[in-house]
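Below is one structure, written out as structure tokens; the observations come after it.
Only the coordinates and a few stated rules stand behind these numbers; no lab work does. The structure presented is a predicted model; accordingly, all values stated were derived computationally and were not measured. Please note: Cβ atoms are built from the backbone with ideal geometry, for glycine as well, and neighbour counts cover all protein chains shown.
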Amino acid sequence: MQFLQSLKRLVLCDKYGDDMDKDKFGAPKPVEAKDILEVTIESENEKGEGIARVENFIIFVKGAETGERCRIKIIDVKRTYAIAKKI
């Protein structure tokens, strides 16, 4: 079983290169946990979180409102979005 997992990782590394932080389409994520950025909130979701984008990557910002420009800290990065808080 361990051999199959190692083989799968080798195949993925061969397909995507050594950068395993890429999504299923091979594009690297533009943010990482603990990054500090300045963004403009484009809209809000149904939970009231602000939505910002960095290179079309969605970032949900707790406590932010539409049109607000704010500094944020990335808390968590998922496959298709990130979660951040205002600082």
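Side notes on the structure shown:
- Residue-wise HN-Hα coupling along the stretch 52-57, computed from phi with Karplus coefficients 6.51, -1.76, 1.60 (Hz; x: Gly, Pro): 10, 9, 10, 6, 6, 8
- For Asp35, the amide hydrogen comes within under 5 Å of the amide hydrogens of Ile74, counting only partners 5 or more places away or on other chains and with H modelled in the peptide plane.
- FRET efficiency for the Arg79 to Glu55 pair, using the beta carbon distance and R₀ = 25 Å, is estimated at 0.95.
- Sequence-ordered 3J(HN,Hα) estimates for the stretch 69-75 from the Karplus curve with 6.51, -1.76 and 1.60 and θ = phi - 60° stand at 9, 8, 8, 10, 10, 6, 8 Hz, glycine and proline given as x.
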